[in-house]
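Peer 1: Take a look at this one; I'll ask things after.
None of the figures in this text is laboratory data; all of them are computed from the coordinates on show. Just so we're clear, the structure is a prediction, and the values are computed from it rather than from any experiment. Cβ atoms come from the backbone with ideal geometry, glycine included; neighbour counts cover every protein chain shown.
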Amino acid sequence: MSEQKKPATRADEIRQVIEKEIFTGVLRPGTRLDEESLAARFGLSRTPVREAILQLVYSGLVVKKPRQGAVVAPLDLHRMVQMFEVMSDIEGLCARYAARRMSPDEKSRLSAMVDEADALCRARDLDGYYAVNRAFHDAVYDGSHNEVLKEMARSLFARLAPYRRYQLNHPGRVDGSLSEHAEVVAAIQAADPDRAQAVMRKHVTIQADIFAEFVSIMT
């Protein structure tokens, strides 16, 4: 089983709702996010709303403007693709090092995550699958045993997290993601750094392609 993850906070829940509304066009670019109105909508204080907005600003989905406050940012497809390009190289390198450096126990835990994800995939538990998916990538970062690389990977993952989460809604994507994770694990278990790097890069690139297709339809 994967390590127990912290339960979602109120701010996380609000952020996820707003992310979905941005990606589905309910909240269009330029829409103002008023803390007081959102607090009333969710029946909460303004504190978790403010935290959610800060998370959205960090991911680039929302921007702060003078005299307007927080507004929905335009979806910048070109920048998003560039971030995914860098992410594919960083994660590919993490997988390459993990194939060389992961201990038997670390490899065993990584395999267990794929088994856990498989059960969640069969149950069509998207939230549960995404949590294990995120833990899987985090375990590969740890398995690189390179502190600088781990910091870079986690920082960029946080920026891309909304896009990576939403692309799982694409038909058949969860099954595809699970299969790709299994390929990564097989390469790491076999201590094949070239293969591990290649399949991880492909995995991240597929995510970018799916989300880019979605954005092109929306715009």
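Peer 1: Would you pull out the residues with amide H under 5 Å of A70's amide H, same chain only if 5 or more places away, H placed 1.01 Å from N?
Peer 2: For A70, the qualifying residues are L33, K65.
Peer 1: Mind checking the angle between helix 77-101 and the chain's longest principal axis? C-alpha axes, 0 to 90 degrees, to the nearest 10.
Peer 2: Once rounded, the angle reads 30 degrees.
Peer 1: Percent relative contact order of segment 10-72, based on C-alpha pairs within less than 8 angstrom and at least six residues apart?
Peer 2: Dividing the mean separation by the residue count of segment 10-72 yields 42 percent.
Peer 1: Further question: Pairing the Cα long axis of helix 126-143 with the longest principal axis of the chain, what angle in degrees results, from 0 to 90 and rounded to the nearest 10?
Peer 2: Helix 126-143 sits at roughly 50 degrees to that axis.
Peer 1: Beyond 26 Å between alpha-carbons counts as too far, so tell me which of K65/K150; K150/K202; K64/K202; K20/K150 fall in that bin.
Peer 2: In this structure, K65/K150; K64/K202; K20/K150 lie more than 26 Å apart at Cα.
Peer 1: What whole-number distance in Å separates the alpha-carbon centres of segment 34-104 and segment 150-189?
Peer 2: If you average the Cα positions of each part, the centres end up 16 Å apart.
Peer 1: Now for a different question. Can you tell me, using C-alpha contacts under 8 Å and at least 6 residues apart, the relative contact order of the chain as a whole percent?
Peer 2: Once divided by the residue count of the chain, the mean separation gives 26 percent.
Peer 1: Would you kindly state how much longer the chain becomes between Q189 and N169 on full extension, computed as 0.36 nm times their sequence separation minus their alpha carbon distance, in nm to one decimal?
Peer 2: Result: 4.3 nm gained on full extension.
Peer 1: Taking only Cα atoms, what is the 0 to 90° angle, nearest 10, from helix 46-59's long axis to the longest principal axis of the chain?
Peer 2: Between helix and principal axis, roughly 60 degrees.
Peer 1: Sticking with this one: Full extension from R134 to S111: what is 0.36 nm times the residue separation minus their Cα-Cα distance, to one decimal in nm?
Peer 2: 6.9 nm
Peer 1: Which ordering of M113, M152 is given by a fewest-first count of other beta-carbon atoms within 10 Å?
Peer 2: The most exposed by this proxy come first: M152, M113.
Peer 1: Here's something else I'd like to know. Under 12 Å Cα to Cα from K107, which aspartates and glutamates show up? Leave out anything in the same chain fewer than 8 places away.
Peer 2: D142
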